[in-house]
Amino acid sequence: MSNILSIILGGGKGTRLYPLTKERSKPAVPFGGKHRIVDIPISNCINSGFNQIYVLTQFNSASLHLHIARAYNFDSFSRGFVEILAAEQTFDHSGWYEGTADAVRKNFMHFKTQKPTHYIILSGDQLYQMNLADFLNKHKESGAEITIACTSVTRQEASGLGILKSDKNENITEFLEKPGPEKNIDDWKIPPETRTTPAGDGKDYLASMGIYIFDAQVMEDSLNNTFTDFGKEVIPDAIKKYLVKTYVYNGYWEDIGTIRSFYEATLNLTELKPNFSFYDENNPIYTHNRNLPPSKINMATIDQANTSEGCIINNSTIKRSIVGIRSIIRQGVSLDGVICMGADWYETGAERKENLNKVIPDIGIGENTSIKNTIIDKNARIGKNVSIGMGTVPADGDYGFYHVVDGIYVITKNACVPDGTVI
């Protein structure tokens, strides 16, 4: 019987998602109103029957530890677990993780105690719903020693991804990292015999999704060196030594590693038919159960928006927006294209009285405030009569309690926006 060990790569500093990663690791960034990004790969594993899961991270991991400890508790009979392995000093290793492959190598002492037959490597910042059990079955049936999950892409999309060349038997023969538009890669097109999308759709190339299955011994042998990165070093070297196969995934897949991609993927959840669905009962996305009350909505106009539990929305207009847990939105507020991550607690009457003494707004969004094209991180205090995003967007940069990234306003975690502020 196979014993599958799932390893979720938590990434490095998450600089492309800054300032959302200023005080938390990338997998811990809130997503969709009530979830965290890490819930996506963990749920894919659990729904596929893979219950032995490690998350590798090293930066700002405190909130991730807390979330996983609260959200994922298996019974004593399942042998399941979700554990974080942050970089640690040992007698053998004293430094940080130097890359994705180095992170796995430095944790073999933990992995080997589970006696895995296979390792599945997953990314902590991608949005998809894949049947990983089918992925494993195809790996074993094909006789492959390594299988790489791939998706079909256009030539333009190929420029920023790792591209694979395969033969008519689905064997990977070469790997090319991020070929620029100037490079001729016509001979890298998918063979007609293995094409899984309609001819003429423009998706002529296979891109690596950064999701791999390794036979356990092959994984250990592949990392018996100084390689630090899977995509740039381990996979190109392995193709020369082992039988490496493709597994083509034709469903929705999105790398949400930048502010722009995060913003667009999150707001897409409000569409009538979103690319990523939280409404599949057979493949739920798990998270921390907070036992919050239902949201209270009084005389509000809400169109194409998702509201999470525990919110209070009074006489406001909300359009194409995500409203996170415990959001307090007061009367006269207008939100358009806003991701509001909500709050970690409700303020008490005594705390609100103290806010008056300090002349700071309560947590939430104050009366008669209008906001567009903005991500509002957790626990933000936005005052009355504030205007954000109604004028010309300034250049990308750090403006104190807010940043502009990819033309999108980001109100930082715990920020305080005074009454009457215009941004």
Are any of the pairs LYS183/LYS241; LYS168/LYS232; LYS203/LYS378; LYS106/LYS183; LYS165/LYS413; LYS138/LYS178 more than 32 Å apart by Cα-Cα distance, and if so, which? LYS203/LYS378; LYS106/LYS183; LYS165/LYS413
Counting only other residues whose beta carbon sits under 15 Å from that of ALA238, what net charge do I get with K and R as +1, D and E as -1? -3
Once both labels are modelled 7 Å past Cα along the beta-carbon direction, what's the ASN169-GLU281 spacing in nm? 4.5
Quick one: check the C-alpha center-to-center distance for the stretch 142-205 versus the stretch 15-88, whole angstrom. 31
How large is the helix-only mean residue ellipticity at 222 nm for the chain, computed as the sum of -39500 (n - 2.57) over DSSP H runs with n ≥ 4, divided by its residue count, in deg cm²/dmol to the nearest 500? -5000 deg cm²/dmol
Options ILE53, TYR247, GLY337, ranked by Cα towards positive dipole end of the chain, top entry (Cβ charges): GLY337
Peptides 184-191, 321-328, 73-80, 252-259 ordered by average Cβ neighbours within 10 Å, highest first: 321-328, 252-259, 184-191, 73-80
Give the peptides 208-216, 340-348 in descending order of average Cβ contacts within 10 Å, highest first. 208-216, 340-348
In the neighbourhood of VAL38 defined by beta carbon distances under 13 Å, the net charge of the other residues (Lys, Arg +1; Asp, Glu -1) is +1
Cα-projected label distance for ASP362 with VAL393, points at 7 Å along beta-carbon direction, nm: 3.2
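All of the numbers you see were taken from the coordinates with simple rules; none came from a lab. These numbers were taken from a predicted model, which means no experiment stands behind them. Positions of Cβ are backbone-derived with ideal geometry, glycine not excepted, and every protein chain shown enters the neighbour counts.
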